[in-house]
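Take a look at the structure set out below.
The values are calculated or read from the model by the stated rules, or taken from the named source; none is laboratory data. Source: prediction; values computed, not measured. Heads up, the Cβs are rebuilt from the backbone with ideal geometry, glycines too, and the neighbour counts pull from every protein chain shown.
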Amino acid sequence: MNRRILNILLRHLGHPREIYFLREKQLENLLGEQLKTDHLERVLFHFSKSLSLESTKKEYEKLEKEKVRFIACDDEEYPKRLKEIYDYPYGIYVKGNLPSEEKKSIAIVGARKSTPYGREMARVFARELAKEDIEIISGLARGIDANAHIGCIEGGGKTYGILGCGIDKIYPRDNIELFIEMEKKGGIISEYGLGVEPISYHFPFRNRIISGMADGILVVEAAKKSGSLITAEQGLEQGREIFALPGRSIDRQSEGCNLLIQKGAKLVLNVSDILLEMGINCEKKLNINKNLVDSLANCEKLVYYCLSLEPKYIDDIARECKMTLQETMSILFILELNGYIKQVIQNYYIIVT
Amino acid sequence: MYSKVVSGIVKGIDGVLIYVEADMSNGLPIFEMVGYLSSELKEAKERVRTALKNQGYTIPSKKITVNLLPADLRKDGSAFDLPIAIAMLISSGQISQEKTDKIFFAGELGLDGSLYTIRGVLPLVCCAKEAGMKTCILPRDNLKEGSLVDEITVLGASSLREVEQFLNGKLSLSKLEKEEDMEEKISKKVLDFSDIIGQEYAKRAIQVAVSGRHNMLLFGPPGSGKSMLTKRIPYIAPKLTKKESLELTKIYSVKGYLKEKQGLILERPFRNPHHSITLPALIGGGRPVTPGEITLSHNGILFLDELLEFPKNVLESLRQPLEDKKVLVSRVDEQYVFPADIMMVAATNLCPCGYYPDMKRCNCKEKDIVRYQKKLSGPFFDRIDISVKIRPLSYIELQSEKRGSSSFDLQSQIKNAVAIQKERYEKEEINFNSQLSDQQIAKYCDMEENAKKSLQEVMRRKKWSARAYFRVIRVARTIADLAGSDKILNTHIVEAISYHFQF
């Protein structure tokens, strides 16, 4: 029963209960002109199937088993922020908790094809925001979304993931551990019922919920045609504050963010830029902890300062630091072991913030 | 009259002695050939009959039977033309049997009676010598190859008549002409590592891989230099021993790959099969059973470029040979064992277009990237000891005047390391560090305390398997050998860890 049909029916009947009591003929009359014949047939078929008490009961039991709650828009618990938007979902399925009404929340989004820089930034921003008691909302996708959730958990905060499929479908599979953790450290929300597959068509709709549940949206990294820009657009329409991290002017991966800033999104360099807009006064800088670095040996410092958030190849590191390969390898090993740097892919190193 | 002549076939890469019998008796004139013969071998009948006629010999109209002994061994090839013709000449009284005593015959006959070259001469001559033969009569153009075997006289002829005349004492046949320098001049085109600017890390990794014969994986975008680096590897390994050369020449002879009039193979092989290769072509098989690319790379390099384009079943078939250093091909009646002690080098990209993680150039959809990278795991990758990311040179490097390490720079250390391993494993069945079993590691790989600690830390943090643990130690053992150190030090372990394939 897709949203459009639902909307038509609700408009005519007023309350969902009326839909339940509809006879097939009435349904056909109501929808007749609006739908093509074969679509109409399918709807009628599913309608009569789902109308039986049996199947409804089965659905209900399935929800119970999976510990999923269904919250309709006229329920107490339905998120107020979400209710404000133009086309809020009739009902949402929830596993775990819903975002707090009292605390501020920020949605963190970005391109799926992210760079190590984007992923690191998402994680760090989420972490620092979480430390200031801000909740983080994202889409549990690979890359930036996942890192935002992880960063928030690292900062001790609560994070919520909105899905483009049924809550029982863990997509993408690699995020399974994150899923499980988020049931306790936040929640997982979806507009779609159990068993619904992650079809690409669902995602723009899911994005409106991401922006709908947040007070502000941070776009970390986006190419010119990125889906995360749609989320920002929707956020704008919903009256949310839009933040964007700038990238180098020639970087394709940051082109979307840079354009957003041109169009009026707030340019963010530090967490404090966001905190200020949220009304929280705090001098927070994204700084490398100077103390920790000072404790390194000279040759280690040399290698460390040679690196940045842009991945660097081992041959180049050795050459710039004027060391032999063996010396460089030994130092990189110690720095990596102690968490100062990490390998994004083999033989390429970046600093850890 | 009954006659018997000695010849042979090649089974796998070794020769097997075969007796050619002929008999003529009264009865309807028919010519029968028996003895479990392949169809192309049965055609010998026509060639031999016509060749005999054209060389001026008359064969009486009698019942002729030719048998190839033993009868339960399948025979093929065209090398039996000559021995069959000789056997028939003996049977018809034109040569006496004793004249062919302790002589081995092989060669293909044209319809005019000329002798043509055959394959697999080296294994045939070896087998003739082992069977106690004193002389081999072969086609003239096979002389060079046949003469590689000591302690047996190898003579060349260019026609059937020459052989008959020789046997009847009216002509002498020549051995290999002039004291040709058996050392074939190594091709002038020696590829050198100094042709490659920079890429020091990759060159070092290759040096380690060659020293311990570790399998390698190179990954990087198109044009970054993977092929270029790999092609130069055979030139920094130590020279082949005489025994290795002989074995290799046998293999290439059987396959028919020896160049015309080529003698001993002196360069390490470098084989680069396309990813559309079939499984039997890669590991061996077919009918008749011949060695595959992996055996052609014996004691050399097998380069698998575009690794992920190879079908999964083909890669799977490599697992056992990589482990055992040999290939077992089973047929209903036989089992063949081909040597396959190779160094495998594989090259691959990190995404379908090849440019990942360079986001500026990579145009792939995220799901394609993930799907591609999921293929980079599994039992095959468990056999890769050393893996290196290669990337195109930066502008600064291209500008610099220094050339970087040359083949010469890399060679001497490799030679020492290989010698150390030879001495260390004299009593063992292995030759290189990469072949150490998990039990042998405890015996030969003594590590200093710091090295042990580093390894433990990494294992704990990255949750490595036992396989990874032993793999790193084997590589570290080679690194220590290159440094001339008996004990494995921390720096050696650290370097070995950096070569571990992480994904």
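Taking residues in segment B:391-404 that are modelled with pLDDT of 75 or more, and partners anywhere that are part of a loop (DSSP other than H, G, I, E, B) and loosely packed, with under 14 Cβ neighbours inside 10 Å, the pairs with Cβ atoms closer than 7 Å and at least 6 places apart or on different chains are B:PRO392/B:GLY223.
Only one entry of A:TYR349, A:TYR340 meets the criterion of being surrounded by 19 or more Cβ atoms within 10 Å (Cβ to Cβ), hydroxyl-bearing (Ser, Thr, Tyr), more than 9 Å from every other protein chain (Cβ to nearest Cβ) and within 18 Å of B:ARG391 (Cα to Cα), and that entry is A:TYR349. Taking the stated definitions as given, is A:GLY193 touching a helix residue (DSSP H, G or I) at 6+ places or on another chain (Cβ under 9 Å) and within 14 Å of chain B (Cβ to nearest Cβ)? No, not satisfied. Would it be correct to say that B:ASP76 is modelled with pLDDT under 90 and surrounded by 15 or more Cβ atoms within 10 Å (Cβ to Cβ)? Answer is yes for this residue. Taking the criterion of being in a loop (DSSP other than H, G, I, E, B) and either touching a residue at least 60 places away in the same chain (Cβ under 8 Å) or of a type in the set (Phe, Trp, Tyr) (or both), the residues of segment B:85-101 that qualify are B:SER92, B:GLY93, B:GLN94, B:ILE95. Return only the number of the condition from (1) basic (Lys, Arg); (2) over 25 Å from B:ALA347 (Cα atoms); (3) away from chain A (no Cβ under 12 Å); (4) part of a loop (DSSP other than H, G, I, E, B) that B:LYS452 does not satisfy. Only one criterion in (1) basic (Lys, Arg); (2) over 25 Å from B:ALA347 (Cα atoms); (3) away from chain A (no Cβ under 12 Å); (4) part of a loop (DSSP other than H, G, I, E, B) is unmet by B:LYS452, namely (4).
Scanning segment A:188-216 for residues that are of a type in the set (Gly, Ala, Ser), touching a residue at least 60 places away in the same chain (Cβ under 8 Å) and surrounded by fewer than 20 Cβ atoms within 10 Å (Cβ to Cβ) returns a single hit, A:GLY193. Restricted to segment A:292-333, and to residues there that are assigned to a loop (DSSP other than H, G, I, E, B) and of a type in the set (S, T, N, Q), the residue that is farthest from the other protein chains (Cβ to nearest Cβ) is A:SER295. The number of residues in segment B:333-370 being farther than 25 Å from B:GLY225 by Cα and more than 31 Å from the chain's Cα centre (by Cα) comes to 3. In this structure, does A:GLU177 turn out to be surrounded by fewer than 18 Cβ atoms within 10 Å (Cβ to Cβ) and free of Cβ contacts under 8 Å to residues at least 24 places away in the same chain? Criteria met by A:GLU177. Only one entry in B:LEU73, B:LEU41 is assigned to a helix (DSSP H, G or I), in contact (Cβ under 8 Å) with a residue 24 or more places away in the chain, hydrophobic (A, V, I, L, M, F, W, C) and out of contact with any helix residue (DSSP H, G or I) (no Cβ under 9 Å at 6 or more places or on another chain), namely B:LEU41.
Restricting to segment B:341-380, name every residue that is more than 30 Å from B:GLU244 (Cα to Cα), touching a strand residue (DSSP E or B) at 6+ places or on another chain (Cβ under 9 Å) and either among the aromatic types (Phe, Trp, Tyr) or at the interface with another protein chain (Cβ under 10 Å from one of its Cβ atoms) (or both). Result: B:LEU350, B:TYR356, B:PRO357. Considering each residue of segment A:199-253, count those that are over 20 Å from A:THR115 (Cα atoms), modelled with pLDDT of 90 or more and β-branched (Val, Ile, Thr), and give that number. Summing the residues that are over 20 Å from A:THR115 (Cα atoms), modelled with pLDDT of 90 or more and β-branched (Val, Ile, Thr) in segment A:199-253 gives 3.
Annotation: B:GLN435 fulfils all but one of (1) touching a Phe, Trp or Tyr at 6+ places or on another chain (Cβ under 6 Å); (2) within 19 Å of B:ASP341 (Cβ to Cβ); the unmet one is (1). Annotation: A:ILE167 fulfils all but one of (1) modelled with pLDDT under 90; (2) outside any loop (DSSP other than H, G, I, E, B); (3) buried (at least 20 other Cβ atoms within 10 Å of the Cβ); the unmet one is (2). Taken over segment B:79-115, the criterion of being crowded, with 24+ Cβ neighbours inside 10 Å and over 21 Å from B:PRO60 (Cβ atoms) is satisfied by B:ALA79, B:PHE80, B:PHE104, B:PHE105, B:ALA106, B:GLY107, B:LEU115. The condition of being within 12 Å of chain A (Cβ to nearest Cβ), of a type in the set (S, T, N, Q) and in contact with a strand residue (DSSP E or B) (Cβ under 8 Å, 6 or more places away or on another chain) holds for only one of B:SER400, B:SER387, B:SER405, that being B:SER387. Among the residues of segment B:465-498, those that are part of a loop (DSSP other than H, G, I, E, B) and either facing chain A (nearest Cβ under 9 Å) or among the small types (Gly, Ala, Ser) (or both) comprise B:SER465, B:ALA483, B:GLY484, B:SER485.
Within segment A:156-167, is there a residue that is more than 14 Å from every other protein chain (Cβ to nearest Cβ) and over 24 Å from A:GLN238 (Cβ atoms)? Looking for residues that are more than 14 Å from every other protein chain (Cβ to nearest Cβ) and over 24 Å from A:GLN238 (Cβ atoms), one finds at least one in segment A:156-167, hence yes. Scanning segment B:420-428 turns up no residue that is within 13 Å of another protein chain (Cβ to nearest Cβ) and either at pLDDT below 90 or touching a helix residue (DSSP H, G or I) at 6+ places or on another chain (Cβ under 6 Å) (or both). From the list B:LEU315, B:LEU296, pick out the single residue that is out of contact with any helix residue (DSSP H, G or I) (no Cβ under 6 Å at 6 or more places or on another chain), buried (at least 19 other Cβ atoms within 10 Å of the Cβ) and under 22 Å from B:LEU350 (Cα atoms). Exactly one residue qualifies, and that residue is B:LEU315. Right, A:ILE317: among the aliphatic types (A, V, I, L, M) and at pLDDT 85 or above or not? So A:ILE317 fits the description; yes.
If you go through segment A:248-273 and keep only what is more than 14 Å from chain B (Cβ to nearest Cβ) and aliphatic (A, V, I, L, M), you end up with A:LEU259, A:LEU260, A:ILE261, A:ALA265, A:LEU267, A:VAL268, A:LEU269, A:VAL271.
For segment B:372-391, the condition of being assigned to a loop (DSSP other than H, G, I, E, B), in contact with a Leu (Cβ under 6 Å, 6 or more places away or on another chain) and either at positive phi or surrounded by fewer than 16 Cβ atoms within 10 Å (Cβ to Cβ) (or both) holds for at least one residue. Scanning segment B:198-219 for residues that are away from chain A (no Cβ under 11 Å) and in a loop (DSSP other than H, G, I, E, B) gives B:ARG213, B:HIS214, B:ASN215. Each residue in segment B:325-353 was checked for being surrounded by fewer than 23 Cβ atoms within 10 Å (Cβ to Cβ) and over 22 Å from B:LYS375 (Cα atoms), and 14 pass. So, B:CYS136, is that one touching a Gly at 6+ places or on another chain (Cβ under 8 Å), part of a helix (DSSP H, G or I) and not aliphatic (A, V, I, L, M) or not? No, not satisfied.
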